[in-house]
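Novice: First the structure, then my questions, so here it is.
What follows is calculated from the coordinates using simple rules that are stated; it is not laboratory data. Predicted model, so just to flag it, every value in this text is computed and none were measured. Cβ placement follows ideal geometry from the backbone for every residue including glycine, while neighbour counts extend to all protein chains displayed.
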Amino acid sequence: MPEAPTVVAPPRAAARATTLVIGCGALGRELLALVRRNGLDEVEVRCLPAGLHNRPERIAAAVDERIRAARGRYRTIFVAYGDCGTGGALDRVLATHGVERLPGAHCYEIYAGADAFARLADEEPGTFYLTDFLARSFERLVIEGLGLDRHPELRPLYFARYRRLVYLSQRDDPELLELARRAAARLGLAFEHRPTGYGDLEPAIAALRPPGPVPAAVAGATVGPGIAVAGRG
């Protein structure tokens with residue numbers, strides 16, 4: 001059954017959205033925090049289900065559908081995804097619409113920064129990564145998503161090439177840190193914690209502030225709730 005959109009928080013009632021961010025559900029809380037931090041009342045964020053993390057072959061088509069549905073209602077559309085395992089399919093979709101996305105291959109690189117992530121990968125190619133979202137959602141997306149709750153004997157098969165788990169944290173949260181430690185123990189991996197904050201996500205979202213007056217056609221548009229995140233997490 002598909003995950004239904006859940007409204008997290010609208011912008012100020014008087015605000016008119018002129019920019020739409022189509023985001024990954026795994027970035028939903030962080031996108032909301034950055035929109036608020038930067039006072040971007042004109043930015044509306046709507047996220048696709050975070051479960052697409054496990055089905056990257058569906059991401060490009062889902063984003064394409066959202067862009068087509070939003071055409072004519074916003075001055076700017078931005079996609080808050082990396083390539084995220086689409087093998088270039090997402091970039092091909094975005095090229096047809098003239099829409100930009102986050103720089104980087106995936107959220108781990110976006111949070112850590114390209115150079116730092118490359119060093120992590122060079123240090124230990126067999127690394128499993130968690131973010132704040134994935135630490136919260138580990139049981140649902142990893143254990144249940146891979147069927148390890150029903151077939152724990154598959155864990156050595158799935159994770160035979162992994163040696164460590166690196167938690168890239170966005171916030172200083174002792175509860176999430178403990179969840180990440182437990183996840184590493186559950187997978188039988190060495191644990192490392194690398195605080196990253198929002199990394200390259202913050203400047204990308206801050207840059208969405210409109211440079212000038214809102215076109216009349218957009219200013220008169222009717223839009224829905226300001227911030228919506230599909231799925232749980």
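Novice: With no solvent and one point on each alpha carbon, what is the Debye value of log10 I(q)/I(0) for segment 31-160 at q = 0.11, 0.16, 0.18, 0.22 Å⁻¹?
Specialist: Log10 of I(q)/I(0), two decimals: -0.50, -0.99, -1.19, -1.46.
Novice: Which of the peptides 143-152, 23-32, 75-84 is most tightly packed, and how do the rest follow, going by the mean number of other Cβ atoms within 10 Å of each residue?
Specialist: Ranking the peptides 143-152, 23-32, 75-84 by packing returns 23-32, 75-84, 143-152.
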